[in-house]
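First comes the structure, then the notes that go with it.
The values are calculated or read from the model by the stated rules, or taken from the named source; none is laboratory data. No experiment lies behind these values; they were computed from the predicted model shown. Quick reminder, even Gly has a Cβ in these numbers, built from the backbone with ideal geometry, and neighbours come from all protein chains shown.
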Amino acid sequence: MDLQITNYNNRFQIKGALNKLNIKTFNARFLNIFDKLDSILLDIEHVNSIDRAGVMALAKLHNESISKSKQLSIIGIGCKELYQHFKSEETKQTVVSPRKVVAA
């Protein structure tokens, strides 16, 4: 299934495969999105497959939301590859002092 992105207000529903073949469509749709909106919600319930390029595109969007102090919410079961990526990022923490933990 090809990539389909639909939206209503700040909710974007992603359907199909998110991979290197259609990543340009995804990136074009979300280019500078946080200049227009303060928060967005991505529904990935109907993403049936995702590759490294897709995970990296979502991670890039996540990083942009943080750098611009905007809110990004990702909902839906989606693909296990995506959750494995963010779970591995979550466990990469460095202890600076006994009372302070800083993300690596």
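The C-beta contact set for segment 9-29 (first residue on the phi > 0 side of the Ramachandran plot, second residue among the aliphatic types (A, V, I, L, M), distance under 8 angstrom, 6+ apart or interchain) comprises GLY16/MET1; GLY16/LEU3; GLY16/VAL47. Among the residues making up segment 1-47, those that are among the acidic types (Asp, Glu) and either part of a strand (DSSP E or B) or over 22 Å from SER69 (Cα atoms) (or both) are ASP2, ASP43, GLU45. Among the criteria (1) surrounded by 12 or more Cβ atoms within 10 Å (Cβ to Cβ); (2) at pLDDT 90 or above; (3) not in a helix (DSSP H, G or I), the one GLY78 does not fulfil is (2). Pairing residues of segment 51-75 that are in contact (Cβ under 8 Å) with a residue 12 or more places away in the chain with residues that are exposed (fewer than 15 other Cβ atoms within 10 Å of the Cβ) and among the small types (Gly, Ala, Ser), at Cβ distances under 6 Å and at least 6 apart in sequence or on separate chains, gives GLN71/SER39.
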